2 protein chains.
Amino acid sequence: MNRPPRASDVAALAGVSRSAVSRAFTDGASVAPETRDRIMAAAEELGYRVNHLARSLKEAAPSKLVALVVSDMDHSLRARLVDLLARGLVAGGFRPFLLPWSQGDDPRQLIDMMLNYNVSGAIVTSDTPPEEISHQCARFGVPLVLVNKAPVDARAARVVQDTDAAGRMAAHLLREAGCRRVLYAGQARASFTIDERRRAFEAELGALGMTLAGQVTGPSQNHAGGLIAAEQYLAARHDVDGVHCANDFLALGFIDGLRRAGLPAHDWPALVGCDDIAEAAWPAFDLTTIRQDPGLLANACLDGLADRIAHPANQPELQVLPVAAVRRATTRKTNID
Amino acid sequence: MNRPPRASDVAALAGVSRSAVSRAFTDGASVAPETRDRIMAAAEELGYRVNHLARSLKEAAPSKLVALVVSDMDHSLRARLVDLLARGLVAGGFRPFLLPWSQGDDPRQLIDMMLNYNVSGAIVTSDTPPEEISHQCARFGVPLVLVNKAPVDARAARVVQDTDAAGRMAAHLLREAGCRRVLYAGQARASFTIDERRRAFEAELGALGMTLAGQVTGPSQNHAGGLIAAEQYLAARHDVDGVHCANDFLALGFIDGLRRAGLPAHDWPALVGCDDIAEAAWPAFDLTTIRQDPGLLANACLDGLADRIAHPANQPELQVLPVAAVRRATTRKTNID
DNA sequence: CGTCGGCATGCACACGTGTGCAATGCCTTT
DNA sequence: AAAGGCATTGCACACGTGTGCATGCCGACG
C-alpha cells in the first residue's frame, strides 16, 4: 500500500477516533495533552501530514491559494516584485500560485484556472491585463489587487506609483541639469503608469518654461527599444539638451546606443529614466532616475489584498506610493552650464 | 446565498442528476448531446466552475500542483527560467506553486507546504538547497527535479549544464585571445555548477600550457562582488592577460570596476564570463561568455519531471545540457599581439 | 416476436478532512 | 452523598467531486 497515510491510519495506530486526530492538528481544539502526544507520535511514525486541499474543501472559506498573474518576468523590477510578493504571501499563510500571462493569451483560460482552484484572491502585475479578468473576478467575488493599472473595474483594489509626482520630478531633474529643450523617448501608448507619467512630465515642462522638442520611439520599452530610440535621436540631429526615457531599461539602451555610435560624452544630453532598477546604479550607466521602492509596492499589495479579503463589502482602496529622485551622473556630467 | 454554485445546483436547474453534471464536464464520459447542452446552459447561467481541489481529492493521484522552489529571483537568468517553467507547467496542465526559499529559512516549513498540498512534483532551482528537501521528497514519493545541483539524493532527477565543456571552453576562449597567464575571479566555494566549471577550467589551462596566476574573490557572485574583485585585481597589480569570472554578473561588475578605476581600455585583460545573460550582450559590456540556453534548461526540467511522474520506479535520469561559446569584444580588443 | 447489445442515467460510495452535538467520566461544590 | 460543571471523546454529517454498478430504454438482428 503506497498511498500517503490519512487521519484514520493515525487514529488506528494511536487507538483513538479520527476526530481526535483532526483535533490534535487543530489549534485551540480540546484534546488531552497525553492523547495529543500519542497522536503526534503515531503521526510522526507514519509520516502523516494534514491534507490542506481536503481541509480547505471542508471549510467554506476558499483555499489559501492566491493567484499571481504576471507577465514580462524578465523585467528585473517585476521579478523582484514577484519574489517579494511570494515571500509575503507565504509568510501570511497563503500559497502563491504563479500564472504567467502574455499578450495574446486567452484570458478565459486564466480565469478558469483561478476559479477552478477556488483562490482566495489574486494580484495582477502583468502589463495591460485584459479587462475581462477584472470583471470576472468581481463577478465571482474573488478579491483582486491591480498593480500600476488603470481603474478598469471599480471593485478591484489598486496600488499605483505616484505617477504625477514622478512625471513632475523628471522635469525638475532635467531643469536642475540646466536643460531647456528636451525630448521624450518612449511609445505614444505604452502602459498605464508610463502614459500617466508622461502626461505629468509634459505638463510640468510647460510650468517650468521648458520646451518639449519632440519624441523618439523605440519598438518596445526595453533595452533593445532604447538602442533604436538612440539611433533615431542621432539620425534626426535633435537640438536638445535633455531626454526623459519611459523607463530605466529604455534609458540604458539609449545610453548604449549613444555609446555604440561613438558620440563623445560631452555631447550627450542629460538623461532621466524611471524605476531605479539595479542596473541603473552600475558604473557603466550611473543613471539619474526616479525610484519606485519594490518593498513598498509589495507591502501595499499584500495590505490591499488582506483588506479586500477581510472586508469584501468595503469600498476598494487606492494606494498611491511615493517616489524619490535619485541623482546620478547622467544629470551631472552634461555639457550644459 | 453567496457561496459559489456546485454541481448539484446545476443539476437541479437542468433537471438531471448530479452525476450527469459531473459527466458533462468529464471528457469521454457518456452523456447525450442534448443533455450536455442543457447542463452547459445551466452551468453558464449559474456561473458554475468545476472545483479542481475537490476533483483532485477524489482522484487518488495527487493534485496537479507542482512546487517551484526558487531563491535569488533577482538573478535575471533565474527569473527567465521561472517564467519558462511556469509557462511550460501551465501548458502541460499543471499549476505552478511558487515557494521562495532563502539561505537560513527553515527547510521543514517548505517541506510541510509541499506535502500539505499534495503536490505531484517539485522543481528546485534555488542555490544550495538543503539536502533535507531532497531526502524528504524521496521519502514521501514526491517526484523531484534538481537544476544545476549536486547529486544529494539518488532518487531525484537532475538537469545540469555541461560544466566540463563550459570550463574547458572558457580556457580555450582565453587561449584564442592570446592569453598565457590568467586569473580566476570568484569564490573558492560557490555553487555546484560554478565549482565544477572552475575545476574543468583549471585542468584545461594546464593542458593548454597556460598558467593560473591566482584568484581574486568578491564577497558574492554578482555585480557588487565583481566590483570588489576588480579592486583587488587592480590593487594586487597582477601580471596577467586574461580573467575568467565565475558568472556573467560578476564579470559585468568586474568590467565596471575597471571602468570606474579609469584603467585605459588597452590595458584591460581579456574577459570570459558564463551564462550569457541578456546584459552581457549590451554594448556597454559586449562580454564574451558561455551560453546556457534557458529554454533548453526549462524543457529539460519539464521532461525530467514528466518522466519522474510517469515512471517513478525508473532510475532517475541525469540530463547534461550543451553550452555554446559566445565570442564578443572582451576577447577581441585585448592588448595582446 | 424475442433476444441481445449499446447507450444514457441514477444510486451510492469514496476521497480526507472539520465540527456540532451528545455522551461519558471526573472533579468540585453544596 | 448528590448535583452540577467541565474537559474529553466519538458519532455523524458536511464539503464538492468522480465513477463502478445496476437499471432502463431503444434499436437491431435473427
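Identify the residue in segment B:41-56 that is more than 41 Å from the chain's Cα centre (by Cα) and open to solvent by 50 Å² or more (accessible area, probe 1.4 Å) and, among all such residues, is farthest from DNA strand D (Cβ to nearest atom).
The residue in question is B:Ala41.
Quick one: would you say A:Asp72 is open to solvent by 70 Å² or more (accessible area, probe 1.4 Å) and within 16 Å of DNA strand C (Cβ to nearest atom)?
It is false that A:Asp72 is open to solvent by 70 Å² or more (accessible area, probe 1.4 Å) and within 16 Å of DNA strand C (Cβ to nearest atom).
Is there a residue in segment B:267-276 that is free of Cβ contacts under 8 Å to residues at least 12 places away in the same chain, within 26 Å of B:His75 (Cβ to Cβ) and assigned by TED's automatic domain parsing to the domain that holds B:Met210?
No - not one qualifying residue is present in segment B:267-276.
If a residue has to be of a type outside the set (Ser, Thr, Tyr) and within 20 Å of the chain's Cα centre (by Cα) to count, how many in segment B:186-213 make the cut?
Looking only at that region, the number is 8.
Please go through segment B:310-319 and give me each residue that is open to solvent by 50 Å² or more (accessible area, probe 1.4 Å) and of a type in the set (S, T, N, Q), ordered by number.
Within segment B:310-319, B:Asn314, B:Gln315 qualify.
Looking only at residues that are more than 7 Å from DNA strand D (Cβ to nearest atom) and among the aliphatic types (A, V, I, L, M) in segment A:9-28, which one is surrounded by the fewest Cβ atoms within 10 Å (Cβ to Cβ)?
A:Ala12
For every residue, the table says whether it meets (1) modelled with pLDDT under 90; (2) closer than 20 Å to A:Ile309 by Cβ.
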residue: A:Gly141; (1), (2): yes, yes
residue: A:Val145; (1), (2): no, yes
residue: A:Ala150; (1), (2): no, no
residue: A:Ala166; (1), (2): no, no
residue: A:Ala170; (1), (2): no, no
residue: A:Leu174; (1), (2): no, no
residue: A:Ala188; (1), (2): yes, no
residue: A:Phe192; (1), (2): no, no
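Among the residues of segment A:67-92, how many are outside any helix (DSSP H, G or I) and without any contact (Cβ under 8 Å) to a residue 24 or more places away in the chain?
Qualifying residue count, segment A:67-92: 1.
Return the residues of segment B:79-92 that are more than 7 Å from every other protein chain (Cβ to nearest Cβ) and either at positive phi or touching a helix residue (DSSP H, G or I) at 6+ places or on another chain (Cβ under 8 Å) (or both); say none if nothing qualifies.
Selection gives B:Leu81, B:Leu84, B:Leu85, B:Gly88, B:Leu89, B:Gly92.
Note down all Cβ pairs under 6 Å where the first residue falls in segment A:14-37 and is under 18 Å from A:Arg49 (Cα atoms), the second is near DNA strand C (Cβ under 6 Å from one of its atoms) and in a loop (DSSP other than H, G, I, E, B), and they're at least six residues apart or on different chains.
A:Phe25/A:Val50
For A:Ala7, are the conditions met, namely being within 14 Å of chain B (Cβ to nearest Cβ) and more than 30 Å from A:Pro143 (Cα to Cα)?
yes
Restricting segment A:57-69 to residues that are buried (at least 20 other Cβ atoms within 10 Å of the Cβ) and within 8 Å of chain B (Cβ to nearest Cβ), which is nearest to DNA strand C (Cβ to nearest atom)?
A:Ser63
Please go through (1) more than 19 Å from the chain's Cα centre (by Cα); (2) open to solvent by less than 60 Å² (accessible area, probe 1.4 Å); (3) within 15 Å of DNA strand C (Cβ to nearest atom) for B:Gly93 and return the number of the only condition it doesn't satisfy.
Just one mismatch for B:Gly93, condition (3).
Would you mind listing the helices (runs of 4 or more DSSP H) fully within segment B:93-202 where at least 1 residues are away from chain A (no Cβ under 14 Å)?
Correct list: B:131-139, B:163-176.
Identify the residue in segment B:235-254 that is modelled with pLDDT of 95 or more and among the hydrophobic types (A, V, I, L, M, F, W, C) and, among all such residues, is nearest to B:Ser191 (Cα to Cα).
Ranking the qualifying residues of segment B:235-254, first place goes to B:Ala246.
Tell me yes or no: at least one residue of segment B:135-147 is out of contact with any helix residue (DSSP H, G or I) (no Cβ under 9 Å at 6 or more places or on another chain), outside the structural domain of B:Ala200 (by TED's automatic domain parsing), surrounded by fewer than 24 Cβ atoms within 10 Å (Cβ to Cβ) and farther than 21 Å from B:Asp303 by Cα.
yes
Looking only at segment A:27-45, which residues are within 11 Å of DNA strand C (Cβ to nearest atom) and within 14 Å of chain B (Cβ to nearest Cβ)?
Result: A:Ala43, single match.
Of a type outside the set (Val, Ile, Thr), within 20 Å of the chain's Cα centre (by Cα) and not assigned by TED's automatic domain parsing to the domain that holds B:Leu250: does that describe B:Ala86?
Yes.
If I ask for residues that are open to solvent by 10 Å² or more (accessible area, probe 1.4 Å) and within 20 Å of A:Gly178 (Cα to Cα), which ones from segment A:234-262 would you list?
Within segment A:234-262, A:Arg237, A:His238, A:Asp239, A:Val240, A:Asp241 meet the criteria.
Of all residues in segment B:283-309, which are in contact (Cβ under 8 Å) with a residue 40 or more places away in the chain and either part of a strand (DSSP E or B) or open to solvent by 30 Å² or more (accessible area, probe 1.4 Å) (or both)?
Matches in segment B:283-309: B:Asp286, B:Thr289, B:Ile290, B:Asn299, B:Leu302, B:Ala306, B:Asp307, B:Ile309.
Quick one: B:Gly226 ticks every box in (1) assigned to a loop (DSSP other than H, G, I, E, B); (2) buried (at least 23 other Cβ atoms within 10 Å of the Cβ) except a single one, so which number is it?
Result: B:Gly226 passes all but (1).
Please count how many residues of segment B:276-294 are within 14 Å of chain A (Cβ to nearest Cβ) and closer than 18 Å to B:Gly242 by Cβ.
Here the count works out to 4.
Does segment B:45-72 hold any residues that are over 27 Å from B:Gly141 (Cβ atoms) and touching a Pro at 6+ places or on another chain (Cβ under 7 Å), and which are they?
Those that are over 27 Å from B:Gly141 (Cβ atoms) and touching a Pro at 6+ places or on another chain (Cβ under 7 Å): B:Leu46, B:Gly47, B:Tyr48.
Suppose we filter B:Leu252, B:Leu205 for residues that are away from chain A (no Cβ under 14 Å) and free of Cβ contacts under 8 Å to residues at least 40 places away in the same chain; which single one remains?
That would be B:Leu205, the only listed residue that is away from chain A (no Cβ under 14 Å) and free of Cβ contacts under 8 Å to residues at least 40 places away in the same chain.
Residues are listed down the side, and each one gets a yes or a no for (1) closer than 16 Å to A:Asp112 by Cβ; (2) at pLDDT 85 or above; (3) in the same structural domain as B:Ile309 (by TED's automatic domain parsing); (4) touching a Lys or Arg at 6+ places or on another chain (Cβ under 6 Å):
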position: B:Arg36; (1), (2), (3), (4): no, yes, no, no
position: B:Ala60; (1), (2), (3), (4): no, no, no, no
position: B:Ser71; (1), (2), (3), (4): no, yes, yes, no
position: B:Ala91; (1), (2), (3), (4): yes, yes, yes, no
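The values are calculated or read from the model by the stated rules, or taken from the named source; none is laboratory data. Keep in mind it's a predicted model, so treat the numbers as computed, not measured. Backbone-built Cβ (ideal geometry, glycine too); neighbour counts: all protein chains shown. Heavy atoms of the whole protein, side chains included, go into the accessibility calculation; ligands, DNA and RNA do not. Shrake-Rupley method; radii C 1.70, N 1.55, O 1.52, S 1.80 Å.
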